[in-house]
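Novice: Supplied in structure tokens, the structure appears directly below.
The values are calculated or read from the model by the stated rules, or taken from the named source; none is laboratory data. Because the structure is a prediction, the values reported are computed rather than measured. Glycine gets a Cβ as well: all are built from the backbone with ideal geometry, and neighbour counts include every protein chain shown. The area values use the complete protein model at the heavy-atom level, side chains included, leaving out ligands, DNA and RNA. Shrake-Rupley method; radii C 1.70, N 1.55, O 1.52, S 1.80 Å.
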Amino acid sequence: MTMTSGTNHPSAVTLGLHRGVVELKAFFREWDAVAFTFALPVVTLALLGSLISGVYPGSDVTSAQYLAPSMIAAGIAAVTFVNLGAGIASDREDGTLKRLRGAPMPPIAYFLGKTVQTMVVVAAEIVLLLAVGVALFDLRLPTDPGRWLTFGWVLLLGVTACSLLGIAVSSVIRSARSAGAVTQLPYLVLAFVSGIFFTPVSALPQPLLVLGSVFPLKWMAQGFRSALLPDTILGAEVVRDWEHGRTALILAAWCIGGLLLCLTTFRWRGRRDR
């Protein structure tokens, strides 16, 4: 009788889920980073929403309610582009990436772990910002399933695009200490040119409107407004249409572009390890 023996190795998905648990534990141990990640968009929404007032002509939407979907987009970009980029750069500098690359674990498991961490934090950020919008500014959540479907595909494309750009920018960061400067500055600039802090966005100067329309953050914010606000607010938009087709096209293009950047620039080792 012939005996065979073998070892059942866990799948990449299983390893990725376990890695995600590790990433979440590491994230929530850093209380200062946790507080900054969740507090910045919430405090910004609460402060700006309290400082601005008024109702848009032809609509019952207030300025604070108009701001809430934009701040959700900004919060998601902070979790994905800023935090993910800085986190991967830190893993590269302290040798975590080098050790994982040499371990008997498929590389995809590391990125699955980062995906788990990102999605959990993004979900918590969205719930928190929606709760603030409802509690402080009487934001009325939609009851139409179609609007939540719109919210879902904008969220999926936006998170994917910004996460891939965060992974790509991590290769530009030379050290963990410089991560804030490399990620925060472009994030803040894009937030301004994308109209995140303006109500309405059509109040932006034309050159900034054109510049902001090139990047995904503007389309994420517009997509979330289309899902969470009534169509009566369209008069405050640059174009009197939600442009769902263009939103999907541009976000998908950034997903593809971000993936190509990751494939061509990502490094497992730091420059000093070469």
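Novice: Taking into account only those residues within region 110-141 that are open to solvent by less than 20 Å² (accessible area, probe 1.4 Å), farther than 16 Å from V34 by Cβ and of a type outside the set (A, V, I, L, M, F, W, C), which is modelled with the lowest pLDDT?
Specialist: Per the stated criteria, the residue is Y110.
Novice: Ok, one more. Given the conditions (1) open to solvent by 70 Å² or more (accessible area, probe 1.4 Å); (2) modelled with pLDDT of 85 or more, which single one is not true for T4?
Specialist: (2)
Novice: Same structure again: Which condition does V79 not pass, out of (1) open to solvent by 20 Å² or more (accessible area, probe 1.4 Å); (2) over 15 Å from L136 (Cβ atoms); (3) modelled with pLDDT of 90 or more, if it passes all the others?
Specialist: Checking V79 against (1) open to solvent by 20 Å² or more (accessible area, probe 1.4 Å); (2) over 15 Å from L136 (Cβ atoms); (3) modelled with pLDDT of 90 or more, the one that fails is (1).
Novice: Something else now. I'm checking my understanding of the structure. Among residues of region 142-174 that are touching a Lys or Arg at 6+ places or on another chain (Cβ under 9 Å), in a helix (DSSP H, G or I) and of a type in the set (S, T, N, Q), which one is least open to solvent (accessible area, probe 1.4 Å)?
Specialist: Result: S170.
Novice: Sticking with this one: So R99 ticks every box in (1) assigned to a helix (DSSP H, G or I); (2) surrounded by fewer than 22 Cβ atoms within 10 Å (Cβ to Cβ); (3) more than 20 Å from the chain's Cα centre (by Cα); (4) in contact (Cβ under 8 Å) with a residue 60 or more places away in the chain but one. Which box is left unticked?
Specialist: (4) is the only condition that R99 fails.
Novice: Another question, then. Any residue in region 187-208 that is within 20 Å of A46 (Cα to Cα) and modelled with pLDDT under 90 sitting within a Cβ distance under 8 Å of a residue that is assigned to a loop (DSSP other than H, G, I, E, B) and acidic (D, E)? List the pairs, counting only those 6 or more apart or interchain.
Specialist: Within 8 Å, the pairs are P200/E237; V201/E237.
Novice: Residues G133, G158, G180, G152: which one is under 21 Å from A253 (Cα atoms) and touching a helix residue (DSSP H, G or I) at 6+ places or on another chain (Cβ under 8 Å)?
Specialist: Going through G133, G158, G180, G152 in turn, the sole match is G158.
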